[in-house]
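Contents: one structure, followed by commentary.
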């Protein structure tokens with residue numbers, strides 16, 4: 001039994017560390033970090049997209065990929081807003097544009113590949129999923145960038161049939177990144193990432 005527990009913990013650790021990372025909040029100075037902490041309101045805007053995919057002139061495949069990107073740019077913003085709201089660090093969290101003083105969180109998706117879960121389960125490494133993005137935290141009125149995050153997540157090659165191959169997907173990567181971003185912003189507000 002003890003051996004199985006150690007094996008389960010090892011698998012969980014591999015799943016967490018092997019999927020890339022979401023950086024902590026990066027700021028140019030302590031003053032910029034403090035400035036983030038002074039905001040009481042935050043708006044989260046849809047992400048831009050620079051990700052591309054070579055579909056070899058397959059118009060149907062390209063249309064499908066563009067639809068995935070359109071959904072992803074709103075979904076990552078929705079997840080970030082939800083996680084920020086759950087931590088109750090800001091008085092107001094909005095997905096719509098705010099008026100007046102507010103923090104603005106948005107970003108750019110630079111790589112997006114849903115991969116193929118069947119291929120990952122069968123081979124352990126073919127069909128990898130990838131999600132990469134930069135996230136900017138700025139003053140809504142002036143546009144001054146106060147900090148950023150870098151998301152670089154991917155599925156990790158694991159033994160054939162490993163169940164964690166199935167759960168390592170773009171949705172999981174987005175969710176994990178949103179939690180990290182919300183935690184870091186809550187800490188910047190002096191709230192220790194406490195959730196409601």
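The values are calculated or read from the model by the stated rules, or taken from the named source; none is laboratory data. Fair warning: this is a prediction, and the values are worked out from it, not measured in the lab. Methodologically, a virtual Cβ is constructed for each residue, glycine included, from the backbone with ideal geometry; neighbour enumeration extends over all protein chains shown.
Given 93, 117, which one is modelled with pLDDT of 95 or more and touching a helix residue (DSSP H, G or I) at 6+ places or on another chain (Cβ under 6 Å)? Spell out how you get there, then give the answer.
On the way: 117 fails: modelled with pLDDT of 95 or more.
Every option except 93 fails the conditions.
What number of residues in the stretch 42-84 are without any contact (Cβ under 8 Å) to a residue 60 or more places away in the chain and not in a loop (DSSP other than H, G, I, E, B)?
Looking only at the stretch 42-84, we keep the residues that are without any contact (Cβ under 8 Å) to a residue 60 or more places away in the chain, and these are 52, 54-71, 73-74, 77-78, 81.
Right, trim to not in a loop (DSSP other than H, G, I, E, B) and you get 59-71, 73-74, 77-78, 81.
Going through the stretch 42-84 one residue at a time, the tally reaches 18.
Kindly indicate whether residue 144 is under 22 Å from residue 26 (Cα atoms) and modelled with pLDDT of 85 or more. Walk me through it before giving the result.
Numbers: under 22 Å from residue 26 (Cα atoms): yes; modelled with pLDDT of 85 or more: yes.
In short, yes.
Name, by its number, the condition in (1) in contact with a strand residue (DSSP E or B) (Cβ under 7 Å, 6 or more places away or on another chain); (2) modelled with pLDDT under 95; (3) assigned to a loop (DSSP other than H, G, I, E, B) that does not hold for residue 173.
For residue 173, the exception is condition (3).
State all residues of the stretch 157-167 that are out of contact with any helix residue (DSSP H, G or I) (no Cβ under 7 Å at 6 or more places or on another chain) and either at pLDDT 90 or above or in a loop (DSSP other than H, G, I, E, B) (or both); if no residue qualifies, say none. I'd like the intermediate steps shown before the answer.
We begin by selecting, within the stretch 157-167, every residue out of contact with any helix residue (DSSP H, G or I) (no Cβ under 7 Å at 6 or more places or on another chain); these are 157, 159, 162-163, 167.
Of everything in the stretch 157-167, those that are out of contact with any helix residue (DSSP H, G or I) (no Cβ under 7 Å at 6 or more places or on another chain) and either at pLDDT 90 or above or in a loop (DSSP other than H, G, I, E, B) (or both) turn out to be 157, 159, 162, 163.
What number goes with the only condition from (1) buried (at least 20 other Cβ atoms within 10 Å of the Cβ); (2) assigned to a loop (DSSP other than H, G, I, E, B) that residue 105 does not pass?
Against the list (1) buried (at least 20 other Cβ atoms within 10 Å of the Cβ); (2) assigned to a loop (DSSP other than H, G, I, E, B), residue 105 comes up short only on (2).
Are any of the residues in the stretch 46-60 closer than 18 Å to residue 143 by Cα and in contact with a strand residue (DSSP E or B) (Cβ under 6 Å, 6 or more places away or on another chain)? Explain how you work it out, then say what you get.
Pass one, the stretch 46-60, residues closer than 18 Å to residue 143 by Cα: 46-48.
With in contact with a strand residue (DSSP E or B) (Cβ under 6 Å, 6 or more places away or on another chain) added as a condition, the list becomes 47-48.
Checked the stretch 46-60: at least one residue is closer than 18 Å to residue 143 by Cα and in contact with a strand residue (DSSP E or B) (Cβ under 6 Å, 6 or more places away or on another chain).
Residues are listed down the side, and each one gets a yes or a no for (1) modelled with pLDDT of 95 or more; (2) surrounded by 15 or more Cβ atoms within 10 Å (Cβ to Cβ):
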position	(1), (2)
15	no, yes
20	no, yes
24	no, no
33	no, yes
39	yes, yes
49	yes, yes
63	no, no
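Looking only at the stretch 40-56, how many residues end up being over 15 Å from residue 76 (Cα atoms) and touching a helix residue (DSSP H, G or I) at 6+ places or on another chain (Cβ under 7 Å)?
Residues in the stretch 40-56 being over 15 Å from residue 76 (Cα atoms) and touching a helix residue (DSSP H, G or I) at 6+ places or on another chain (Cβ under 7 Å): 3 in total.
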